[in-house]
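Visitor: Quick one: the structure is below, questions incoming.
The values are calculated or read from the model by the stated rules, or taken from the named source; none is laboratory data. None of the values given here were measured: they were computed from a predicted structure. Here the Cβ is made from the backbone with ideal geometry for all residues, glycine too, and neighbour counts use every protein chain on show. Ligands, DNA and RNA are excluded from the accessible area calculation, which covers all protein heavy atoms including side chains. Shrake-Rupley method; radii C 1.70, N 1.55, O 1.52, S 1.80 Å.
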Amino acid sequence: MQLIPLKCITIVAESILRDRLTGDLTRLGASGFTIVEARGEGSRHLRSGELPGENVRIETIVSPPVADRILQLLADEYFHDYAVIGYIADVSVIRGEKYV
Amino acid sequence: MQLIPLKCITIVAESILRDRLTGDLTRLGASGFTIVEARGEGSRHLRSGELPGENVRIETIVSPPVADRILQLLADEYFHDYAVIGYIADVSVIRGEKYV
Amino acid sequence: MQLIPLKCITIVAESILRDRLTGDLTRLGASGFTIVEARGEGSRHLRSGELPGENVRIETIVSPPVADRILQLLADEYFHDYAVIGYIADVSVIRGEKYV
């Protein structure tokens, strides 16, 4: 059993963006993702990327270069218009060679 | 595109605690959170913070000092009475300046 | 309040594997887990462990030796037959002594 260090990107966005986001992720090299229905809440005086209402939480395991492309795309094409949250974390993946 | 290192706190608790928890998180400085319905299960001989039944999984991205305050509050006001799970992980966040 | 460094293992699998997986996790020493209904999607030309359709996302906080046993089991008994995703990340857990 071999573990491969990869990146886990988590995106939380309005549900209406789901298909556009997963299409973009696929185009940029993500080979799959896990989608969970979520609900966002924020403080009354919104200070950050709160997402009140129906959201999706999309998780994808990707190589570092694909992660960079995804984060860049979120910054370029989503953040101006939508309250998207995006973050990246280090994970070690079994069967990780299938993700790169 | 700039990534900012922040903390991701995940809390799993009985659903009934949701509003109290999110109220406390907001008061301590969290500007938003992602809530997912979850189900907990544990071994028959409960050894840790298992949470059988209907739970919520609350995720919030915060600065290190806010993270400390949240963890301290969980330890002080929840852990004695409830089977709450709380853990913290390092993440890098796009548009992270909005969370601090 | 004391934080204990532990491992968070996330497994995404077809929903039908849920009880088998949680039984195996318990047998290998996990004392509880958080289960979320998820949906998987992948690119049309499947390259990795995509999981289209109804899935479960199972999260468990365990000690490093239990984490090793779980990952080994996934590699030995699941990966050949199922499109299971498994990854491990470092977390710091409140009340962590209850998990080991």
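Visitor: Taking the condition of being at the interface with another protein chain (Cβ under 9 Å from one of its Cβ atoms) and closer than 18 Å to residue C:35 by Cα, how many residues in the range C:61-87 meet it?
Guide: 8
Visitor: Looking only at residues that are aliphatic (A, V, I, L, M) and not in a helix (DSSP H, G or I) in the range C:1-25, which one is surrounded by the fewest Cβ atoms within 10 Å (Cβ to Cβ)?
Guide: Only one residue fits best here, namely C:1.
Visitor: Here's something else I'd like to know. Report the residue count in the range C:1-21 for those that are within 23 Å of residue C:54 (Cα to Cα) and touching a Ser or Thr at 6+ places or on another chain (Cβ under 9 Å).
Guide: Residues flagged as within 23 Å of residue C:54 (Cα to Cα) and touching a Ser or Thr at 6+ places or on another chain (Cβ under 9 Å) within the range C:1-21 amount to 5.
Visitor: How about the range C:4-45: which of its residues are more than 13 Å from the chain's Cα centre (by Cα), of a type in the set (A, V, I, L, M, F, W, C) and more than 7 Å from every other protein chain (Cβ to nearest Cβ)?
Guide: C:4, C:6, C:16
For (1) modelled with pLDDT under 90; (2) open to solvent by 10 Å² or more (accessible area, probe 1.4 Å); (3) not in a loop (DSSP other than H, G, I, E, B), each residue gets a yes or a no:
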site	(1), (2), (3)
C:36	no, no, yes
C:40	yes, no, yes
C:48	yes, yes, no
C:58	no, no, yes
C:71	no, no, yes
C:88	no, yes, yes
